[in-house]
């Protein structure tokens, strides 16, 4: 006996389909993989800077650099998570403004 009403078809099948979409491993393009690598490089640099700040060099300049890096990292990771395409020229400009290096293999 089914105690939960089944309005539009089989709710269990719909749930299983949703679950499958949520846990599927995304197939990254080569460009997206490069963007992910560059984001990883930013996080490593952020960690290095944070450790320097912890050891006593926590000045305003370091805080602002860390904030710039965090904003760039947030942009890249949000775009990748939402599966939005980042235009290479846009990413290059953002990295240049933040004083970050763009991977030579990155298109554009």
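A few notes on this one:
- Filter result for the condition that a residue is surrounded by fewer than 10 Cβ atoms within 10 Å (Cβ to Cβ) and out of contact with any helix residue (DSSP H, G or I) (no Cβ under 7 Å at 6 or more places or on another chain), over 12, 37, 51, 61: 61
- Enumeration of residues in segment 62-96 that are in contact (Cβ under 8 Å) with a residue 24 or more places away in the chain and over 16 Å from the mean Cα position of the chain (by Cα): 65
- Count of segment 79-91 residues which are modelled with pLDDT of 95 or more, surrounded by fewer than 16 Cβ atoms within 10 Å (Cβ to Cβ) and in a helix (DSSP H, G or I): 3
- So residue 17, is it surrounded by fewer than 12 Cβ atoms within 10 Å (Cβ to Cβ) and assigned to a helix (DSSP H, G or I): yes
- So residue 38, is it closer than 23 Å to residue 97 by Cα and modelled with pLDDT of 95 or more: yes
- Selection count, segment 22-59, where residues are within 14 Å of residue 77 (Cα to Cα) and outside any loop (DSSP other than H, G, I, E, B): 13
- Here is the figure for segment 92-108: residues that are farther than 29 Å from residue 26 by Cβ and part of a helix (DSSP H, G or I) total 0.
The values are calculated or read from the model by the stated rules, or taken from the named source; none is laboratory data. It should be emphasised that the depicted structure is a prediction, and the values quoted were computed from it without experimental measurement. Cβ sites come from the backbone with ideal geometry, for glycine too, and all protein chains shown count toward neighbours.
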